[in-house]
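Structure first, commentary second.
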Amino acid sequence: MQEPLWRPDEKRIKNANMTDFINYVNSKLGKNISDYHELYNWSVEDISSFWELMWQYGDIIHSQGYSQVVDDTEEMFGRKWFEGARLNFAENLLRFRDDKIAMVFKGEASDPVRITYRELYDDVARVRHSLEELGIQSGDRVAGFMPNMIETVVAMLAATSMGAIWSSCSPDFGVQGAFDRFGQIEPRVLFTANGYTYNGKHFDSLEKVKALTDKIPSIEKVVVVPYTEDRADISNLSNSVHYNDFKSSANNLSIDFVQLPFDHPVYILYSSGTTGAPKCIVHGAGGTLIQHLKELLLHSDLKKDDTIFYFTTCGWMMWNWLVSALAVGSTVFLFDGSPFYPDAEAMMRYTEEYGINIFGASARYYAALEQADVKPRETRNIDHLKAVLSTGSPLTLESFKYIYRDVKEDLCLSSISGGTDIVSCFALGCPTLPVYPEELQCRGLGMKVEAYDEYGNSVTNEKGELVCTKPFPSMPVYFWKDEGNKKYLSAYFEKFPGIWAHGDYVKITDNGGLIIYGRSDATLNPGGVRIGTAEIYKQVETVPEVVDSLVVGQNWDADERVILFVKLAEGVNFDEDLDKKIKKTIRQNTTPRHVPAKVIPIKDIPYTINGKKVEIAVRQVIHGEDVKNKEALANPESLDNYKNISELQE
């Protein structure tokens, strides 16, 4: 068994919210649970009791109680949670109304903007009042084409305080990408900034917004938030108003939080859309809230005095997850722009300057940080940093080592995994458990996560399909305009009837943690042996001549062969020696089946806007198939590099 990279000390364990929750469960139920593993086993065997105590521990504000926690603990689809309860999502996030800083917003080149909990409540009340005057009602959609700034959160809270449904995507989406999402849900109001910044450049949003509103007739009002300029010219934008003119000027407004059922829709999120039109995934207020409170309080050990940051846009579910920290009373740090502007140390500088205790980003960010030779442990005073979170793709062994070697030795490194589908996580961190190389520390409380082999048998220490075998409250309420729940059932319940199959290829370890090998739909299958793409990436990343890579399977001679594309470091030429070096590195550290049949240099690797490699799209291109939704990609032009490659015909 591998030695852990980190173990929490006794003080850390004693002061953890997780330990407090264990004591809470023991006192409430007369149990004698002593550690996380015992707590987890209880939470998935008695899910009703677990979620009931989480409701109490999370102090969920509600006007009416529930008649039962869940109507069935075995059948997954169509479950009713906390029936009879009435609550409001925004009321729970606005429970604190004091002079503590609620949010700090930092744009790339702009001065920080701070807002207290008292000021936040007042701003939400003013925007809510103006939405009411427009006639917005419960169930209407309000959309944001916004940077990750304070006004985005205000607009979301104003909309959800009245039972409207919030949906957002980042302004770097093209017109078609935004239309593919908002066009399906037909919002009545669109909030947009006049522009955004990235890597030192200013980009105008209003031309895209005009094209977008021309295509979506349901939009009755466009509210333009000042960002890249104080007061943009919006004369060409019909039904538009400046944010400061839209926001009510009335004083001492109070918010009448509309009390709604537990599963009333709060968010519409979108699948990546790399294989077709994005699916519109509708999430309920109560399920989102209770799941986020569990993950923030217990798994992330978030406390009221903490400052939490996640590098995300408003088009990624981590934004929804991050802003739920307001319900804890913490300070939320928001950032818009490139994390490497004006230099690679920017985010670590902000971590020091703004006292960030919990720092999150994508796995790709940490790999880029190491490549840039950033060593915060030597250059920054970040003693206050207690946890680093990573998601988006599997965190490599090199990144695990880098963070403990060059960022900070004493912190809880939480590689987490879940998705837009559940607006939360299946696997998480735990402040009371050790961190092992490459492992996600634990399965989330109340989430009966298993690995299934191809025959539907649960396996440990073997690779299999990540499944969840008992219901949980943050399952989607439904998909938008999905008659008979056909798309919903097809997305999750087709592979193993009645069991949620998430599409990740994983191994559950003896430590109780998980190792993720990539998406199961991108899994390689040479000679009938399943190989996770992450197993190959892990080796390629140790080759200094390679800065990025992408691996796919190519249909060949009634079988499948492994094709590895490599993006080379500046000044490096691909030759026979480098080809042999890459293949030897993979062979020595994995198996001969992992060794690619072809290693092909490529100019660029395609990523989604949220920073995930898109193996499936490349696989489609090399097989001559159309990629249906290139708008989901951050660099769609990169796909052209994969067309008509002569080596693939040999």
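The values are calculated or read from the model by the stated rules, or taken from the named source; none is laboratory data. Please read these numbers as outputs of a predicted model, since none were measured by experiment. Neighbour counts run over all protein chains shown; Cβ positions are idealised from the backbone, glycine included.
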Within the stretch 454-489, the residues that are among the charged types (D, E, K, R) and over 25 Å from Gly532 (Cβ atoms) are Lys470, Lys481, Asp482, Glu483, Lys486, Lys487
If we keep only residues of the stretch 130-188 that are over 22 Å from Pro226 (Cβ atoms), polar (S, T, N, Q) and in a helix (DSSP H, G or I), then the residue modelled with the lowest pLDDT is Gln176
Asn320: passes all of (1) farther than 29 Å from Pro434 by Cβ; (2) crowded, with 19+ Cβ neighbours inside 10 Å; (3) in contact with a Lys or Arg (Cβ under 9 Å, 6 or more places away or on another chain) but (3)
Condition set more than 21 Å from Gly392 (Cα to Cα) and modelled with pLDDT under 90, scope the stretch 507-552, selection farthest from the chain's Cα centre (by Cα): answer is Gly527
Discussion item. Going by what's in this entry, would Asp548 be described as acidic (Asp, Glu), in the same structural domain as Asn41 (by TED's automatic domain parsing) and not in a helix (DSSP H, G or I)?
Written reply: no
Reported set for the stretch 238-265 where residues are closer than 26 Å to Pro226 by Cα and either aromatic (Phe, Trp, Tyr) or within 28 Å of the chain's Cα centre (by Cα) (or both) is Tyr243, Phe246
Within the stretch 72-124, residues surrounded by 22 or more Cβ atoms within 10 Å (Cβ to Cβ), among the aromatic types (Phe, Trp, Tyr) and within 29 Å of Ile47 (Cβ to Cβ) come out as Trp81, Phe82, Phe89
Notebook entry, point to check: Is the stretch 579-602 home to any residue that is crowded, with 22+ Cβ neighbours inside 10 Å and touching a Gly at 6+ places or on another chain (Cβ under 7 Å)?
Noted result: no
Within the stretch 479-499, the residues that are of a type in the set (A, V, I, L, M, F, W, C) and either assigned to a helix (DSSP H, G or I) or free of Cβ contacts under 8 Å to residues at least 24 places away in the same chain (or both) are Leu489, Ala491
State whether one or more residues within the stretch 632-640 are surrounded by 20 or more Cβ atoms within 10 Å (Cβ to Cβ), out of contact with any Leu (no Cβ under 9 Å at 6 or more places or on another chain) and hydroxyl-bearing (Ser, Thr, Tyr).
yes
Taking the stretch 86-110 and keeping only residues that are assigned to a loop (DSSP other than H, G, I, E, B), over 21 Å from Thr312 (Cβ atoms) and either touching a strand residue (DSSP E or B) at 6+ places or on another chain (Cβ under 6 Å) or modelled with pLDDT under 95 (or both), one is left with Asp99
